[in-house]
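Remarks on the structure that follows.
The values are calculated or read from the model by the stated rules, or taken from the named source; none is laboratory data. Note that the structure is a prediction, hence the values are computed from the model and not measured. So basically every Cβ, Gly included, is an ideal-geometry build from the backbone, and we count neighbours across all protein chains shown.
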Amino acid sequence: MTEIREVPSPFCGIGTDDLTIDVNGQQVKVLSNGCAVNTLAFEHPITDTKPRIDGKEVSLDEAVARAATLLKHTHFPVIAGCATDVNGMRGLLALADRTGAVVDNANFNNARKNILALQDTGWMNTTLAEVKNRCDVLVIVGTDLEGFAPRFFEKYLWNEAMFLDNTSERDIIYLGTKPSGTASTSPSGKTAQVFECETQNLPDVVAVLRALVKGQQIQATSVAGILVSDLAAIAQKLKDAKYGVITWAAGALNYSHAELTIQTLCEMIKNLNETTRCSGFPLGGKEGDQTANQVCGWTSGYAARVSFAKGYPVYDPFLLDTHTLLENGEADALVWVQAFNASATPPKTNLPTIVVARSGMIFEKEPDVFIPVGTPGIDHAGHAYRLDNVVAIRLKKCRDSNLPSTATVLNAIEKNLREEVVC
Amino acid sequence: MLIKLTGGTVYDPASGVDGKKQDIYIQNGKIINKPSGEFQIDKEYDLKGKVVMSGAIDMHTHIGGGKGNIARTLLPEDHRLDPVAGTHLCRSGCGHVAPSTFITGYRYAEMGYTAGFEPAVLPINARQAHMEMGDIPILDKGGYVMLGSDDYLLRMLTAKKDQKAINDYVAWTMNAAKAIGVKVVNPGGINAFKFNQRKLDLDEQNSHYGVTPRDILQVLATAVKEIGVSHPLHVHGCNLGVPGNIETTLDTIQGIGGLPMHLTHIQFHSYGTEGDFKFSSGAARIAEAVNKHKNITIDVGQILFGQTVTASGDNMRQHANNKFASPAKWVTMDIECDAGCGVVPFKYKDQNFVNALQWAIGLETFLLVDDPWRIFLTTDHPNGAPFTSYPHLIRLLMDRTFRNDVLSTIHPEAQKMTTLASIEREYTLQEIAIMTRAGAAKLIGLENRGGLSAGNWADITVYTDNADRQKMFEKPDYVFKDGELVVVDGNVVHTKWGTTHIVKPHFDAGVEKDLRAYFDKYLTMKLDNFKISDDEFTEDGRGHLTTHPLNNVA
C-alpha cells in the first residue's frame, strides 16, 4: 500500500491537485479530497489488460499491426473521441497527418459554442486563481456549477482571498438554472440569488441583460418569467463590482446556436470593461477536451475538428462532425481514442473500428481492434489542460499497470505506416 | 563522420573573422580544428564563392505559449490562405501570421535560423510554452520568464523584503519555469489593469500595492545581475504604443543607473508628439541614448506592412488598442495572479500615417545605433510582422536604394516626418552576422553557439552571395544543425530535434517556505506540481536541456 499526496486530476476540468490516494497493487482508493467526479474516475478498476482482434486476445504488436493494416486501406478515416493527454494527442495528430484522417474531439459540439464566439468577436476571460482572489460578483448562466465541479465553491470561493476582506460576502447569482444543492451558500449563510428560466429562453434574458448594461430602455417588464427590474439589479451589481465574473458551461446551453448567447455575454463583458473590470470564465476541460484543442491548435492551427485528407489541415466546425461523417457514409474507418472514461463508448457504426481506450470499456459491438491503454495521471505521467485553458497540469504516474500509454500505441501504429522518421 | 566545408567566405564576428576564406571541419556535431596528421574526410562541401555564417538566432520571437495558441485559434481565415501540406519528411500545418509549430521550425530553418527564444513565458504557463516549443523541429529554443506583475513579487515589495529575498525568488522561478532569462512586461501594469487602472507611468503607483514600475525595474534588474544570469533583464517598457512614450523610455534608460538592461521592441516605445498628427519619431534621441549608455541593449520590433496579429503579455495596452483590431475581434486574459495576455489582430498599412511612420522609426533606429553588438534584428514576431519577413528587412538595412524606393511609396506626411532618406548607412554582412548570430548568442549567454571556431556546435548557414539581399537570405544553399545537414537550397531535407537552453541560478532552498504557504493559501496548484521537472522535456525521447554557465558565480 502506498499513499500518494497532491495528486492532480485530469477528470474534473478544474485541475484539482490536492487528492490523496492509496495505491494497493492495481487498486486505487481516494482517501481525501475526492468528489463525485474524481473518486469514481480514479477508483475505476482495471479489467482488460490484453488487446483484442475480433474479440480474441492478442499481443500489442499484433493489435498495432492489424490497426495499421486496416488504416492503410482507408481513404477517409475519422479519429474521434480524442480524450487523452498531451503526448497522446501528439501521437494522434501524427497518425492523422500520416493517414489523412479527420480529427474530431468528442466534446467539440459543446466547445464549438465558445470557439465560434471567440472566432467571431473574441472575449475577455480570466482564470481560476483570479476568480478565487478577486471575484466579488459571480453570475452563473444556465449552469449547475456544483454539478459540474462539486468542489468549486469550497475550493475557490469560500476561503481566503488576497483582495477580498470577507469572501463570504461575495454575490452569487444564478441566471436560468437553479443550483442542485447548497454549495453556493456562503459559510456565513449568505445564499445565492436565483433567477430561473427555461434554458432555451436564455438568449432573450441575456440580450436584455446586455441591453440594460449598455443603458438601453426596455419596454417589457419581464422576460421569460424574470422581471426586468431584477435583471437591471444584476446589471447594476456587475457595474458596481470591482471584479465581476460571468461563467457558463457551453455543454449546459443545449439549444441551437447557443454560441450567440455566449457571444452576447462576451460582448457584454467588453461593455462592462469600459468602466470597471469583469471577465468571462467558460467551464469545460473534462476528459481532455481543452487538451485536444490546445495540441491540435499548435500542431494544425485549428481547434480539434480538422481534416488532414487533403494533405494539409482543413478546419470545419460543422461538416467534420464524426456523427455526420458516419451517418452520411463519408468516413470509411473509425479510430476511437478515450483514455479517461470507459463508459464513453464509440458511436455505432459498421465501419472498420479501432478502439484505443481505457481498460474496462464494454462494447455493444466488438470493434475490429481494441487496445486498452493506461489512464494519464494514474498509469503514466503526462499533461492535461485545465478548464481555463492556460494552466497545464503535470499528471503523475501512480501505479505500475503495464498498460501502454495512448501515445505509445498511436505512435506505434503511425510508425508501422511509414518508413522515415518525421519531425 | 568528418565533414569539411571547403573554401567558403566566412563571417564569424565571434572570432573576429570578417569575410575571410576558411575551411571548416565538423565532427560529432561540433566544429573542430583541422585534424593533425593523416585524416579521412567523409563528406566535403565545396563552398567557393559562398557566404558562410553560423546559424541565425532569433532572440525575441513569440513561438511558444498560450497567447500564441489563442492567436492561432482566433484566426482560421489567415491559416486558410497559407496551408502547408505534409511531405514524406515533414508534417503538415499552416503558415503566415500564426504558424503551426512544425511549420515554424521548418520555415525558420529554411531561412538559416537554428534557434529562437520565446520572450514572454508566464511562470504558470511555462509548461505550455515548453510543450509548444517541444513541437518545433530543428530549432533550439528557450524562454524568458515573465515577472513584475505577479502578486507574489508585488507583495514582497510592499513588505519591503530585501534584495536577497527577491534574488532567491527570481532564481527559484527561473529554475521552476526552466528559463534562460527574465522578462518584465509593462512593469506592474498587467497587475494594475486587474485593479482597473488603465495606464501606468514609470513613477505611477499601483493602486493596491503602492509600487511603481521604476521600483520593479530596479529590483528585477538587480536580481538578474546578482544571481549571475547573462541575459540582462529583458524589458517591455511602460506605455507601449502611446505617442510621447519616448520620454518614459529615456527615463527608463537613465533611471536604471548603469545596470544591464535590454529594451525590447523599442520601436513601439520611441514615439514623440510633434507634427500635425501629434505623432513623431523619437528614434534619433533613443539611438543617442543607446549609443551613450553601454549597459543598454535593444531589439527593434520592426513593423512591416501587411496583416499580422499582435500577441502580448501587456493586456493593459492591448485592451486600450482593441479598437484598432483588424479583423475586428480580440482577446484579453487575466492570468492566475501571475500576469495576463492580449491578442489583437492588426493590419499595418503603408498609406496609414501612423503605420508608415512606425515603419520609418524602426529603420531609423537600426541605422542610428552605432554598435551592432547592442542592437538586434526582430519584428517581435508576429507583433510587427511575421518572422518570414526577415530577408526583406535585411534588404532594407543593407540596400539604401531599395530602402529609399520603398520610402517613396509610403504615406507622404510620414515621409516628411522621417530623416530616413538622408541616412546613408548600409549594414554590412558582418554587421548582419553580429546582430543575428554572435551578438545574440553573447546577449543570451549561449555557450558554444553563434560562432564558427572550434568547440562551437556546428550550426552553420551557407548562402550564395547576391546583391539582392532579400533573395540571398530567403534561401540558403545549406543549413547545418548540430552538424547535420537539414536544409538544401532553402528546403528542409532532414529533420531533428533541437535542445532547450536554460540557466540554473542558485537560490536559498528556504525560499520555498513562504512560497509554499502562499501557493496553499491563494493559488490553485500545489507548489511541487508547479515546478517543471527535467523529465517533462525528455520523457517522449525528443527534447533535452542544455544548461549554460552563470556570470561570477563560483
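Could you list all residues from the range A:100-146 that are among the aromatic types (Phe, Trp, Tyr) and either modelled with pLDDT under 95 or closer than 30 Å to A:LEU70 by Cα (or both)? Hit for the range A:100-146 is A:PHE108, nothing else. Just for the range A:138-168: of the residues that are outside any loop (DSSP other than H, G, I, E, B) and free of Cβ contacts under 8 Å to residues at least 24 places away in the same chain, which one is nearest to A:LEU128 (Cα to Cα)? Among those that are outside any loop (DSSP other than H, G, I, E, B) and free of Cβ contacts under 8 Å to residues at least 24 places away in the same chain, it is A:THR167.
Each residue in the range B:103-138 was checked for being touching a strand residue (DSSP E or B) at 6+ places or on another chain (Cβ under 9 Å), at the interface with another protein chain (Cβ under 7 Å from one of its Cβ atoms) and either under 30 Å from A:ALA101 (Cα atoms) or of a type outside the set (S, T, N, Q) (or both), and 6 pass. Listed here are the strands (runs of 3 or more DSSP E) enclosed by the range B:270-351 that have at least 3 residues being in contact with a strand residue (DSSP E or B) (Cβ under 7 Å, 6 or more places away or on another chain) and among the β-branched types (Val, Ile, Thr): B:296-299, B:306-312, B:330-335.
Regarding the range A:302-311, can at least one residue be identified that is among the aromatic types (Phe, Trp, Tyr), part of a loop (DSSP other than H, G, I, E, B) and over 30 Å from B:LEU75 (Cα atoms)? Scanning the range A:302-311 turns up no residue that is among the aromatic types (Phe, Trp, Tyr), part of a loop (DSSP other than H, G, I, E, B) and over 30 Å from B:LEU75 (Cα atoms).
All conditions in (1) farther than 22 Å from B:THR379 by Cβ; (2) over 19 Å from the mean Cα position of the chain (by Cα); (3) among the β-branched types (Val, Ile, Thr) hold for B:VAL229, with the sole exception of (2). Residues considered: A:GLY284, A:GLY311, A:GLY244. Of these, the only one that is within 10 Å of chain B (Cβ to nearest Cβ) and of a type outside the set (Lys, Arg) is A:GLY311.
Being buried (at least 20 other Cβ atoms within 10 Å of the Cβ), part of a loop (DSSP other than H, G, I, E, B) and not hydroxyl-bearing (Ser, Thr, Tyr) holds for only one residue in B:LEU259, B:LEU220, B:LEU200, and it is B:LEU200. Residue-level check: of (1) closer than 25 Å to B:ASN315 by Cα; (2) part of a loop (DSSP other than H, G, I, E, B); (3) small (Gly, Ala, Ser), A:SER279 misses just (2).
So, A:ARG277, is that one modelled with pLDDT of 95 or more, at negative phi and at the interface with another protein chain (Cβ under 9 Å from one of its Cβ atoms) or not? Yes: the conditions hold for A:ARG277. For the range B:86-97, the set of residues classified as within 7 Å of chain A (Cβ to nearest Cβ) and more than 18 Å from A:GLY91 (Cα to Cα) consists of B:CYS94 only. Scanning the range A:282-299 turns up no residue that is part of a loop (DSSP other than H, G, I, E, B), of a type in the set (Ser, Thr, Tyr) and modelled with pLDDT of 95 or more. A single member of B:ALA414, B:ALA438 is part of a helix (DSSP H, G or I) and closer than 19 Å to B:PHE376 by Cβ, and it is B:ALA438.
Does the range A:362-376 contain at least one residue that is outside the structural domain of A:THR126 (by TED's automatic domain parsing), surrounded by 24 or more Cβ atoms within 10 Å (Cβ to Cβ), farther than 16 Å from A:ARG52 by Cα and in contact (Cβ under 8 Å) with a residue 12 or more places away in the chain? Yes, some residue in the range A:362-376 is outside the structural domain of A:THR126 (by TED's automatic domain parsing), surrounded by 24 or more Cβ atoms within 10 Å (Cβ to Cβ), farther than 16 Å from A:ARG52 by Cα and in contact (Cβ under 8 Å) with a residue 12 or more places away in the chain. Of all residue pairs spaced 6 or more apart or on separate chains, those with beta-carbon atoms under 6 Å, a first member in the range A:5-28 that is more than 13 Å from chain B (Cβ to nearest Cβ) and touching a residue at least 40 places away in the same chain (Cβ under 8 Å) and a second member that is hydrophobic (A, V, I, L, M, F, W, C) and in a loop (DSSP other than H, G, I, E, B) are A:PHE11/A:VAL37; A:VAL23/A:CYS398; A:GLN26/A:ILE46.
In the range B:192-221, which residues are in contact (Cβ under 8 Å) with a residue 24 or more places away in the chain and of a type in the set (Ser, Thr, Tyr)? Across the range B:192-221, the qualifying residues are B:TYR209, B:THR212.
Of the residues making up the range A:104-135, those that are within 12 Å of chain B (Cβ to nearest Cβ) and not in a helix (DSSP H, G or I) are A:THR121, A:GLY122, A:TRP123, A:MET124, A:ASN125, A:THR126, A:THR127, A:CYS135. The residues of the range B:65-85 that are at the interface with chain A (Cβ under 7 Å from one of its Cβ atoms) and free of Cβ contacts under 8 Å to residues at least 24 places away in the same chain, listed by number, are B:THR73, B:PRO76, B:HIS79, B:PRO83, B:VAL84, B:ALA85. Quickly run through the range A:167-213 and pick out the residues that are of a type outside the set (Lys, Arg), farther than 17 Å from A:ILE269 by Cα and touching a Cys at 6+ places or on another chain (Cβ under 8 Å). Matches in the range A:167-213: A:GLY176 only. Within the range A:13-54, the set of residues being within 26 Å of A:PHE363 (Cβ to Cβ) and assigned to a loop (DSSP other than H, G, I, E, B) comprises A:GLN26, A:ALA36, A:VAL37, A:HIS44, A:PRO45, A:ILE46, A:THR47, A:ASP48, A:THR49, A:LYS50, A:PRO51, A:ASP54.
In the set B:TYR478, B:TYR463, only one residue is out of contact with any helix residue (DSSP H, G or I) (no Cβ under 8 Å at 6 or more places or on another chain) and among the hydroxyl-bearing types (Ser, Thr, Tyr); that residue is B:TYR478. Considering only residues in the range B:157-193 that are under 25 Å from B:ASP380 (Cα atoms) and part of a loop (DSSP other than H, G, I, E, B), the one that is nearest to the other protein chains (Cβ to nearest Cβ) turns out to be B:LYS178.
Assess whether B:LEU154 counts as being part of a helix (DSSP H, G or I), within 14 Å of chain A (Cβ to nearest Cβ) and either among the charged types (D, E, K, R) or surrounded by fewer than 24 Cβ atoms within 10 Å (Cβ to Cβ) (or both). It is true that B:LEU154 is part of a helix (DSSP H, G or I), within 14 Å of chain A (Cβ to nearest Cβ) and either among the charged types (D, E, K, R) or surrounded by fewer than 24 Cβ atoms within 10 Å (Cβ to Cβ) (or both). Restricting the search to the range A:312-331, which residues are in contact with a Pro (Cβ under 7 Å, 6 or more places away or on another chain), assigned to a loop (DSSP other than H, G, I, E, B) and touching a residue at least 60 places away in the same chain (Cβ under 8 Å)? Listed by number, the list holds a single entry, A:ALA331. Among the criteria (1) farther than 26 Å from A:ASN38 by Cα; (2) touching a residue at least 24 places away in the same chain (Cβ under 8 Å); (3) surrounded by fewer than 20 Cβ atoms within 10 Å (Cβ to Cβ), the one A:LEU334 does not fulfil is (3). Residue selection: A:VAL335 fails the criterion of being away from every other protein chain (no Cβ under 13 Å), modelled with pLDDT of 95 or more, part of a helix (DSSP H, G or I) and more than 30 Å from A:LEU145 (Cβ to Cβ).
In the range A:171-186 there is at least one residue matching the filter, namely being free of Cβ contacts under 8 Å to residues at least 40 places away in the same chain, aromatic (Phe, Trp, Tyr) and over 15 Å from A:ALA241 (Cβ atoms).
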